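Undergrad: Supplied in structure tokens, the structure appears directly below.
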2 protein chains.
Amino acid sequence: MSLRYALLGLLAEEPASGYELTRKFERVLARYAWHAQHSQIYPELNRLAADGLVEIVAEGARGRRTYAITDAGRADLRTWMLDPPDVFTVRNEFVLRLFLLSTLDRDEARAMLRPIADGSAREMADLRDAIDKADAADAEPSFNRLIAEYGLRMFETTHEWALWALARLDRAE
Amino acid sequence: MSLRYALLGLLAEEPASGYELTRKFERVLARYAWHAQHSQIYPELNRLAADGLVEIVAEGARGRRTYAITDAGRADLRTWMLDPPDVFTVRNEFVLRLFLLSTLDRDEARAMLRPIADGSAREMADLRDAIDKADAADAEPSFNRLIAEYGLRMFETTHEWALWALARLDRAE
DNA sequence: AATAACATGTAACGCGTTACATGATTAC
DNA sequence: GTAATCATGTAACGCGTTACATGTTATT
């Protein structure tokens, strides 16, 4: 069901076509929160429209259809947001691989951790740039600043942990 | 494919039955890394056995079968571990809900963030207890200490972020 | 004797991936 | 005119959930 609410959430900000939504997933959601491809997005938009949670508000060139969230859609999204599950289902290949580090030897583990340290440093830098630019542009502090800060802190934590783990492996040699 | 490697990884530590593996998922993996139920685990074990990556090393009461990883299984697991994807697929409902915070009003957002701050504090305390006990029991520092530290730092970060976000919402009032 | 825990399985359905399929418009 | 981008769709298959199904052993 999450895909459905991810779409409603994006449409709650502004109307968009399936194509635009697909690109928003690629650029933003897929990196941090929820991955989906156009082959899943288009049918789900049709179902949302059939259920009256979104509606077509414009048709353009090349069969482009712009969807907007309806009042029923906003209500449904709000209900979902205010009723989170007690425990979230976790399926995270990155963390799974960390759990399975113990199946590698010391050198192989180091070879896994180094790219993690480097990659998280790059993500940190990218996010810091994006945050600085947004801070300069918006006088108004926004909700988006909250999730950006969350991402930044998460990458910082991963980075520092990877360095700590590498140092620990060296020390225990 | 991740389920397959999660199972091989657990069996690389020690032989176990499908029932025991199911409980390990419930107690450990499902919380942090990978969720799976017995209805998925049993058929996958049969496929792994058919592929020669695990083998039955004991049969016990109530039709219990103890599986052990084979050399081919260890080789396959190692190959998988040493070849991570460039980008990981993310599907995390918790983070999705954070992204969609902006669809709520200020009070509703606060009502979402408070349980997050409290829940992460509880997880931190649990993990710290587990780490302290393990540190006291094992003289030997282990690989498992690395992933426990990762979890602890992640929950700390979530906790501190939620407090920061709550303060920011109050300040902007 | 009853209950909880142990132990494994399958079938129907829903969600997600990969590949195939088609065509219009814009920029060079 | 040709390549890139825009724009939407479907079909086959694989992964994951829910529910159904069955029986054994240990504990009280």
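Undergrad: Quick check on segment B:64-81. Is at least one of its residues assigned to a strand (DSSP E or B) and under 22 Å from A:VAL28 (Cα atoms)? Before the answer, list the steps.
TA: Taking segment B:64-81 as the starting set, the residues that turn out to be assigned to a strand (DSSP E or B) are B:65-69.
Filter once more, so that each one left must be under 22 Å from A:VAL28 (Cα atoms): none.
There is no residue in segment B:64-81 that is assigned to a strand (DSSP E or B) and under 22 Å from A:VAL28 (Cα atoms).
Undergrad: Of the conditions (1) surrounded by fewer than 19 Cβ atoms within 10 Å (Cβ to Cβ); (2) within 22 Å of A:ARG31 (Cα to Cα); (3) more than 7 Å from chain A (Cβ to nearest Cβ), B:PHE88 satisfies every one except a single condition; which number is it?
TA: (3)
Undergrad: Residue by residue through segment A:45-68, note down the ones that are more than 15 Å from DNA strand C (Cβ to nearest atom) and open to solvent by less than 20 Å² (accessible area, probe 1.4 Å).
TA: Within segment A:45-68, A:VAL54, A:TYR67, A:ALA68 qualify.
Undergrad: Hey, among A:ARG122, A:ARG110, which residue is surrounded by fewer than 19 Cβ atoms within 10 Å (Cβ to Cβ), more than 9 Å from chain B (Cβ to nearest Cβ) and over 22 Å from the mean Cα position of the chain (by Cα)?
TA: Answer to the selection: A:ARG110.
Undergrad: When you check B:THR103 against the structure, is it in contact with a Lys or Arg (Cβ under 8 Å, 6 or more places away or on another chain), among the β-branched types (Val, Ile, Thr) and either away from DNA strand C (no atom under 11 Å from the Cβ) or within 14 Å of chain A (Cβ to nearest Cβ) (or both), yes or no?
TA: yes
Undergrad: Same structure, new question: Can you tell which of B:LEU3, B:LEU98, B:LEU77, B:LEU10 is in contact with a Gly (Cβ under 7 Å, 6 or more places away or on another chain), away from DNA strand C (no atom under 12 Å from the Cβ) and among the hydrophobic types (A, V, I, L, M, F, W, C)? Can you show your working first?
TA: Numbers: B:LEU3 fails: in contact with a Gly (Cβ under 7 Å, 6 or more places away or on another chain); B:LEU98 fails: in contact with a Gly (Cβ under 7 Å, 6 or more places away or on another chain); B:LEU10 fails: in contact with a Gly (Cβ under 7 Å, 6 or more places away or on another chain).
The unique qualifying residue is B:LEU77.
Undergrad: Just to be sure before I move on: is B:ASP132 within 12 Å of another protein chain (Cβ to nearest Cβ) and loosely packed, with under 12 Cβ neighbours inside 10 Å in the structure I sent?
TA: Taking the combined requirement at face value, the residue does not satisfy it.
Undergrad: Looking at segment A:69-85, which of its residues are more than 9 Å from chain B (Cβ to nearest Cβ), more than 14 Å from B:LEU104 (Cβ to Cβ) and without any contact (Cβ under 8 Å) to a residue 24 or more places away in the chain?
TA: Passing the criteria: A:THR70, A:ASP71, A:ALA72.
Undergrad: Any idea which residue in segment A:12-44 is nearest to the other protein chains (Cβ to nearest Cβ), counting only those that are buried (at least 22 other Cβ atoms within 10 Å of the Cβ) and within 13 Å of DNA strand D (Cβ to nearest atom)?
TA: Filtering first and then ranking leaves A:PHE25.
Undergrad: Looking for whichever is of a type in the set (Val, Ile, Thr), in a helix (DSSP H, G or I) and out of contact with any Asp or Glu (no Cβ under 8 Å at 6 or more places or on another chain) here; the options are A:ILE131, A:ILE147. Which one fits?
TA: Numbers: A:ILE131 fails: out of contact with any Asp or Glu (no Cβ under 8 Å at 6 or more places or on another chain).
Every option except A:ILE147 fails the conditions.
Undergrad: Next up: Restrict the check to segment B:36-50 and report whether at least one residue is assigned to a strand (DSSP E or B) and over 30 Å from B:ARG153 (Cβ atoms).
TA: no
The values are calculated or read from the model by the stated rules, or taken from the named source; none is laboratory data. Just so we're clear, the structure is a prediction, and the values are computed from it rather than from any experiment. Backbone-built Cβ (ideal geometry, glycine too); neighbour counts: all protein chains shown. Side chains included, ligands, DNA and RNA excluded: accessible areas come from the protein's heavy atoms. Shrake-Rupley method; radii C 1.70, N 1.55, O 1.52, S 1.80 Å.
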